[in-house]
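Below is one structure, written out as structure tokens, with a few remarks after it.
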Amino acid sequence: MKDVIKNEILNTLNESFESSYVLLENESYKHNVPEGSESHFKLVLVSNDFEGKRLVQRHQAIYSSLAAVMPKFHALAMHLHTPLEWSEKNVSVPESPNCLGGE
């Protein structure tokens, strides 16, 4: 089965946040893991739920919502914005680097 963990993450986020934009990319291919792995993800989430929250509070909200699924993957790069931040600042999401570690 493909995208099992990715879909679980997306379903959980959709239940936890009112979002205007969500992008979840499986970036496992950039790391030293078996083909087809779901271990490394990049998340872009735009939500009014982040209004008035500092970056650390936004991350904590994501970690809290994903508590049950987090043991199933290794890494999550997060880019979390309010709709105003997303539209006014023309936010661009940086490319994640290829893994430099591991064997």
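Quick notes on this one:
- Distance between the stretch 1-24 and the stretch 35-75 - C-alpha centres, whole angstrom: 10 Å
- Convex hull projection area averaged over all views, the stretch 1-86, Cα basis, nm²: 5.6 nm²
- Taking 12 Å as the straight-line reach from the Cα of K2, the aspartates and glutamates in range (excluding those fewer than 8 positions away in the same chain) are E35, E38.
Taken together, the values in this text are just the output of simple stated rules run on the coordinates, not laboratory data. Bear in mind that the values here come from a model prediction, so they are computed numbers and not experimental data.
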